[in-house]
Amino acid sequence: MTAYLQGQEAMPRVEIIEYCAAFLLNSKDWDYLRSLPNSKSGHIKIASIMANVCKDLPNTNSRNLARDVWSAVAALFTVNFQQKRTSGGMVTTMHRESTQVYLPRPKFLDFICKIREEVVLSVLISCIAKMYNILKDHSLKEVFLDYIYLWPSAAPALVNPTSMDIHIVEGVLTTVLAHSMLVHPSHTSWLRTQADLFYSNGQYASALNFYLEIGIVCSNFFLEPVPKSIYTDQVYRRMIKCVSYLKCHTQEAVLCQFLEEVDYQTAFKALQEKNSYDAVETYYDFIWDTAILEFLTNFHVKRSEPDKKNHAVS
């Protein structure tokens with residue numbers, strides 16, 4: 001690293017600089033990274049701006065420093081469209097990545113996959129997730145992110161949102177999440193982001209799997225209550241939506257009880273569904289709300305189902 005910074009003739013290979021930058025981030029040597037002069041190395045530049053933010057977290061001044069991270073990451077997803085007329089008179093459109101990037105997207109991902117430091121990965125996931133939410137532009141399908149106060153809240157913060165492909169943003173977010181959870185598999189915030197990403201794309205079985213994994217991690221396999229800060233009303237409603245799409249309607253009714261205000265309308269509707277792909281009355285043992293039990297008992301009496309009625313009241 002010293003040879004590189006002093007411009008000596010025997011310059012280290014790019015791979016050496018990359019590993020040095022990753023090592024400094026992983027060892028939390030923020031001060032050294034921040035003290036580095038302007039560098040031509042994309043790896044050093046990225047490490048330096050990440051160190052600027054991570055050093056000052058959770059101070060409010062971090063938001064000003066995070067602008068460099070936001071700009072660097074946004075450049076990865078910006079595609080310039082250029083039209084060119086061929087000799088035959090046909091107009092073709094050429095796609096070019098932004099020239100403002102510190103590293104091409106594949107090399108950026110290779111570099112990030114060498115990072116193991118939790119705060120660095122959290123800041124990066126947060127940044128990409130925020131861009132995804134802005135491009136998705138659907139309040140009911142936003143994904144969770146830490147450090148939300150670091151980032152701008154609207155589309156104008158992206159230089160040109162129309163030149164950014166949400167599928168590329170999603171692909172990079174998925175890659176970074178997969179690497180991060182491989183390094184820290186029990187990180188609840190990342191699990192939540194991954195669950196929400198699946199939910200946002202209508203992959204309800206996968207989303208439910210991750211929502212349950214969050215609960216497992218936070219409760220020692222449900223031997224303890226899951227903190228309300230983890231299983232919020234929003235999480236429960238998304239779990240309810242997941243089991244509804246999977247046609248597990250009895251589970252849907254059970255989950256309605258966990259909301260701050262029990263959603264009786266959804267629970268009653270779910271229990272009246274003709275086709276339910278779960279164990280149905282086996283889940284009656286997990287219904288404790290008296291209003292739902294009374295509805296269930298009356299429902300089976302009307303349908304002349306004494307065995308199921310007895311199971312509900314037993």
Exercise. Order 19, 102, 211, most accessible first, counting only protein heavy atoms with a 1.4 angstrom probe.
Key: 19, 102, 211
Quiz item: Which of 119, 53, 14 moves the most in a Gaussian network model of the chain with Cα springs under 10 Å?
Solution: 14
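To the nearest 0.05, what FRET efficiency results for residue 277 and residue 68 with a Förster distance of 41 Å applied to their C-beta separation?
Working: r = 50 Å, r/R0 = 1.22.
Efficiency computed from Cβ-Cβ geometry: 0.25.
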Quiz item: Stretch residue 38-residue 136 to full length: gain in nm at 0.36 nm per residue minus the Cα-Cα span?
Solution: 31.8 nm
Quiz prompt | Cα convex hull of the chain - mean projected area over all directions, nm² | solution = 23.0
Exercise. For the chain, with a Gaussian network of springs between Cα atoms less than 10 Å apart, report the residue from 255, 197, 36 with the top mean-square fluctuation.
Key: 36
Self-check item: Degrees separating the helix 290-302 axis from the principal Cα axis of the chain, which is the longest one
Solution: 60
Quiz prompt | Computed label-point distance, nm, for sites residue 186 and residue 28 using a 7 Å Cα→Cβ extension | solution = 1.9
Quiz prompt | Heavy atoms of residue 304 accessible to a 1.4 Å probe, total area in Å² rounded to 10 | solution = 90
Exercise. Using only protein heavy atoms and a 1.4 Å probe, report how much of residue 240 is accessible, in Å² to the nearest 10.
Key: 10
Quiz item: Near residue 309, which lysines are there with a Cα under 26 Å away, not counting those fewer than 8 places off in the same chain?
Solution: 247, 269, 274
Quiz item: Between residue 14 and residue 105, what length comes free when the chain is fully extended (0.36 nm per residue of separation minus the Cα-Cα distance, one decimal in nm)?
Solution: 31.2 nm
Practice problem: Give me the distance in nm between label points sitting 7 Å out from Cα along the Cα-to-Cβ direction at residue 217 and residue 149, one decimal. | Solution: 2.3
Self-check item: Reachable lysines from residue 40, criterion Cα separation under 26 angstrom, eight or more residues apart if same chain
Solution: 28, 55, 107, 114
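Multiply the residue separation of residue 165 and residue 265 by 0.36 nm, subtract the distance between their alpha-carbon atoms, and state the gained length in nm to one decimal. Mind showing how you got there, number by number?
Details: separation 100, 0.36 × 100 = 36.00 nm, distance 3.90 nm.
Contour length minus Cα-Cα distance gives 32.1 nm.
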Practice problem: For the stretch 224-298, calculate the relative contact order in percent as a whole number, restricting contacts to Cα pairs under 8 Å that are 6 or more residues apart. | Solution: 29
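What is the dipole size for the chain, taken about its Cα centre, with +1 at each Lys and Arg Cβ and -1 at each Asp and Glu Cβ, in debye to the nearest 20? Can you show the working numbers first?
Numbers: 30 positive and 32 negative charges, 229 e Å.
Using only the charged Cβ atoms, the result is roughly 1100 debye.
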Exercise. Any chance you could look up the accessible area of residue 138 with a 1.4 Å probe, heavy atoms only, rounded to 10 Å²?
Key: 70
Quiz item: Taking a probe of 1.4 Å, how large is the accessible area per residue of the chain, in Å²?
Solution: 54
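The values are calculated or read from the model by the stated rules, or taken from the named source; none is laboratory data. A quick note: this is a predicted structure, and the numbers were derived from the prediction, not measured. Note that we place each Cβ from the backbone using ideal geometry, even for glycine, and neighbour counts take in every protein chain shown. These area figures cover heavy atoms from the full protein model, side chains too; ligands, DNA and RNA do not enter into them. Shrake-Rupley method; radii C 1.70, N 1.55, O 1.52, S 1.80 Å.
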